[in-house]
There are 2 protein chains.
Amino acid sequence: MNKEFFKVTRLETVLELTHTFPCVSEEVLPLDQCVGRILSRDIVSRIDLPEFNRATMDGYAVEARSTFGASESVPALFTIVGTVDMGEVPAVSVKSGEAVRIATGGMLPEGADSVVMLEHAQVLDEHTLEIFKSAAPLQHVIEIGEDFRTGDRILLKGSRIRPQEMGVLAALGETHIPVYRQPVVAIISSGDEIVPIEQNPGLSRLRDVNAYTLTGLVRMSGGVPLYFGIVRDNFDELHSLCKKALAKADMVLISGGSSVGSRDFTIDVIEALTSSRILVHGVSISPGKPTILARSEQKAIWGLPGQVASAMVVFHVMVRPLLERIGGLSEDRLAAAHEVPAALSRNLASVQGRDDYVRVKIARRGDQNYAEPILGKSGLIHTMVKADGLVRIDMNSEGLDKGTPVRVMLF
Amino acid sequence: MNKEFFKVTRLETVLELTHTFPCVSEEVLPLDQCVGRILSRDIVSRIDLPEFNRATMDGYAVEARSTFGASESVPALFTIVGTVDMGEVPAVSVKSGEAVRIATGGMLPEGADSVVMLEHAQVLDEHTLEIFKSAAPLQHVIEIGEDFRTGDRILLKGSRIRPQEMGVLAALGETHIPVYRQPVVAIISSGDEIVPIEQNPGLSRLRDVNAYTLTGLVRMSGGVPLYFGIVRDNFDELHSLCKKALAKADMVLISGGSSVGSRDFTIDVIEALTSSRILVHGVSISPGKPTILARSEQKAIWGLPGQVASAMVVFHVMVRPLLERIGGLSEDRLAAAHEVPAALSRNLASVQGRDDYVRVKIARRGDQNYAEPILGKSGLIHTMVKADGLVRIDMNSEGLDKGTPVRVMLF
């Protein structure tokens with residue numbers, strides 16, 4: 001059982017390896033289904049936006065120059081020559097000293113270059129208006145092309161489509177959008193002690209908890225989970241299931257079976273797969289040391305620790321970045337996401353030579369966030385349920401003092 | 001057009017009104033579909049977890065007392081009396097001076113109360129082991145019921161099911177979970193100037209941008225968007241569409257048509273609906289002042305500004321809290337979510353008497369986040385695309401100084 005200790009890889013090296021896996025292919029989706037998806041091409045505007053000079057306030061369209069010098073004590077008099085109907089090209093034009101009623105979103109008539117708000121004007125009779133304030137040119141107006149111009153690169157490949165990006169795409173008339181497919185992630189649970197959750201595990205066995213945490217994590221990270229069930233500690237069964245999983249999925253997660261010793265056969269199974277290579281066997285982080293990363297036919301296979309909390313930490317720290325990367329998300333988005341600054345609420349000791357990930361709860365006091373470490377054995381599920389996220393203690397640190405600014409990786 | 005200014009309501013009052021709408025009904029879902037959903041009942045454990053004393057390390061199960069005093073210089077000698085097979089109740093028991101091989105997750109044999117790690121032991125021959133270090137009782141062991149005990153209230157009604165909560169539910173053997181339905185949100189776009197996005201708007205008209213930003217926002221907030229199309233500025237058409245929307249949805253959003261003046265008929269339409277009441281007509285925030293909130297048959301109807309950026313701000317500040325609340329999310333979760341602390345990168349002026357929402361980009365320098373206001377007219381869509389979130393300037397403030405700590409509401 002004690003036959004060898006694996007040579008651990010540094011976390012940074014594992015994260016660099018994630019760059020060596022290719023992105024999934026593209027698909028084209030109707031715009032209304034695109035929120036949360038990743039653009040697979042740059043979006044270049046084919047129009048000027050807006051396509052006409054548009055009012056941004058309810059009021060009166062005028063030539064700005066004719067309002068110059070107007071004030072509460074010396075209002076300027078204007079003749080009302082008509083109304084802009086919403087959605088219509090104005091039938092009237094505006095000359096010096098003339099005003100046209102206009103509502104937010106309306107098209108400015110010819111001759112007008114400014115909109116006077118209702119509050120700064122008073123109607124004297126049907127045809128006459130007093131204006132109390134000088135209007136600057138282009139006041140309460142959005143000019144043609146001020147938002148976007150034809151040929152502008154509006155959205156970049158690799159960016160996530162949020163509601164506002166859906167709005168831009170709608171404004172540009174893009175009804176069908178090129179996005180990356182959602183990566184399909186196979187989930188395999190291994191171990192003689194694991195039973196399906198609907199079974200009573202009795203004494204000595206455990207329900208398949210990892211299948212469900214991993215299903216949730218994959219879904220929250222933009223992937224599509226595909227559960228392949230539980231496999232016994234048996235070379236042939238695992239080998240056959242891995243082959244099936246590789247045929248259907250873009251990435252494979254095997255939980256359990258990645259520790260030293262009796263479960264070494266997970267490594268043997270991966271090595272027996274087509275054009276496979278073990279890239280990592282053991283990572284200098286805690287929890288999560290016995291992690292495996294391998295490649296078979298350009299696809300990543302992860303061996304995750306069987307312990308629930310360890311598997312979740314490994315997912316957040318290593319699997320998610322790889323999943324987001326093969327899902328097409330660009331680098332700058334990866335770095336910024338999922339992190340919130342906070343101050344540590346107490347001293348934290350740590351062992352040098354490995355990156356420690358500590359579960360914390362975020363407490364808000366005034367304008368400051370505090371990261372409060374969750375106490376209790378790491379193998380307990382309730383430590384994950386109580387936590388809001390993880391704080392990293394670098395491998396070169398012996399610990400962090402109370403009050404140290406940290407970044408909490410949310411989950 | 002200038003016939004009356006509406007009496008504005010304070011934001012706090014609007015948020016209090018959101019408490020007066022009932023939650024949607026429950027449904028029961030298979031556990032693997034529950035991530036992101038809201039629990040509609042408390043979850044009480046029906047078992048002890050774990051159900052047996054479990055090893056959390058690979059090593060040797062021993063009686064802790066027999067290791068006391070062991071050291072590198074004076075190791076303690078043990079007899080190896082067997083192996084715990086994973087998933088099996090151990091056939092052997094442990095007496096003083098005896099050790100049993102055990103792997104992570106294995107069940108401790110009778111008599112053993114501690115696990116010695118591989119690193120602290122050396123096998124001399126098939127039956128003999130040296131241990132170099134004293135083991136504390138319960139070292140590397142999780143005791144029966146240490147995670148959860150029968151009858152414990154594990155998860156609370158109103159909490160969101162994250163991957164770790166899925167894990168807990170799996171561990172408890174809960175295969176089907178009571179959750180709140182996802183609220184259905186009807187989206188209606190109004191205005192003579194609005195055309196479907198696949199149409200060329202020509203001069204003077206606009207594509208229906210709000211339908212898409214709102215679709216995205218509803219989906220990101222846990223709702224199910226249901227688009228009812230574009231309706232002209234026409235009482236009968238809007239009235240008929242609102243009735244259909246109320247029959248199918250839990251909440252109705254009407255964008256456009258909520259400003260003073262020619263579009264007052266939105267108010268008239270709402271007032272003509274069954275047992276309806278206008279609760280709010282105008283809110284003291286900017287952008288977003290011309291917002292309407294009404295109730296018809298216990299359901300919320302919102303009139304949102306037609307301008308894209310304003311409608312998005314109103315959604316984040318008022319509609320989302322109401323949507324999350326009727327979706328069953330509990331109060332404490334609502335408050336904490338979606339906000340990141342940062343320091344303001346420059347001075348910001350503001351008008352007293354209303355809450356200003358300023359679009360900002362978050363820049364990270366060292367361990368500090370900076371909120372950088374996005375410049376440019378508020379009507380431009382690209383100000384939303386460049387932004388990471390909103391900063392609120394309170395109605396009693398004349399502005400915020402550079403360096404002020406703020407909280408960024410992410411979007």
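Quick note: the coordinates plus some simple rules give every number you see, no bench work behind them. Because the structure is predicted, anything quoted here is derived from the model rather than measured. So basically every Cβ, Gly included, is an ideal-geometry build from the backbone, and we count neighbours across all protein chains shown.
Size descriptors for segment A:166-261, from the alpha-carbon set: Rg then Dmax equal 18.0, 62 Å.
Taking the fewest neighbouring Cβ atoms within 10 Å as the starting point, the ordered list for A:162, A:153 is A:153, A:162. Across identical copies of the chain, residue A:16 has label-point separations of 6.0 nm, listed in ascending order, with the point defined 7 angstrom from Cα along Cα→Cβ. Using C-alpha pairs under 8 Å with a sequence gap of at least 6, the mean separation divided by the residue count of chain B gives a relative contact order of 17 percent.
Membrane-span-like helices in chain B, defined purely by DSSP H runs whose alpha carbon atoms cover 15 Å or more axially and whose average Kyte-Doolittle hydropathy reaches -0.5, are B:209-220, B:235-248.
Taking amide hydrogens as placed 1.01 Å from N in the peptide plane, the amide H of residue A:99 sits under 5 Å from those of A:79, A:80, A:81, each at least 5 positions away in sequence or on another chain. Each Lys and Arg contributes +1 and each Asp and Glu -1, all at the Cβ; summed about the Cα centre of segment B:270-411, the dipole is approximately 320 debye. State the Cα centre-to-centre distance between segment B:98-131 and segment B:201-220 in whole Å. Between the Cα centres of segment B:98-131 and segment B:201-220 lies a distance of 66 Å. In the assembly of identical copies, residue B:138 has its label point, taken 7 Å from Cα in the direction of the beta carbon, separated from the corresponding points by 7.1 nm (ascending, one decimal). Counting only Cα atoms, the size of chain B along its three principal axes is 96, 49, 40 Å, in decreasing order. When segment B:158-271 is described by a simple charge dipole with +1 on each Lys and Arg Cβ and -1 on each Asp and Glu Cβ, the residue from B:239, B:249, B:201 located farthest towards its positive end is B:249.
Helical content alone sets the calculated 222 nm signal of the protein assembly as shown at -5000 deg cm²/dmol, taking -39,500 (n - 2.57) per DSSP H segment of four or more residues and averaging over every residue.
Taking the fewest neighbouring Cβ atoms within 10 Å as the starting point, the ordered list for A:254, A:142 is A:142, A:254. Of all beta bridges that DSSP places with both ends in the protein assembly as shown, some 70 percent have antiparallel geometry.
Comment: the Cα-to-Cβ extended label point of residue B:28, at 7 Å, lies 4.5 nm from its counterparts in the other copies, nearest first. The value obtained for the protein assembly as shown, namely the Cα convex hull volume divided by the number of residues, is 159 Å³ per residue. Note that segment B:54-142 shows a convex hull volume over its alpha carbon atoms of 71 Å³ per residue.
Here segment A:54-142 is treated with +1 on each Lys and Arg Cβ and -1 on each Asp and Glu Cβ, and its dipole about the Cα centre works out to around 240 debye. Given +1 at the Cβ of Lys and Arg, -1 at the Cβ of Asp and Glu and no other charges, the dipole of the protein assembly as shown around its Cα centre is 220 debye to the nearest 20. Annotation: the residues B:250, B:42, B:48, sorted from fewest to most other C-beta atoms within 10 Å of their own C-beta, follow the order B:42, B:48, B:250.
Looking at the calculated P(r) for segment A:214-301, what percent of the C-alpha pair distances fall above 21 Å?
29
Note on chain B: Lys pairs 8 or more places apart or on different chains, Cα atoms under 18 Å apart, count 10. Sorted into 5 angstrom bins from 0, the C-alpha pair distances of segment A:338-410 split as 4, 18, 27, 26, 18, 5, 1, 0 percent.
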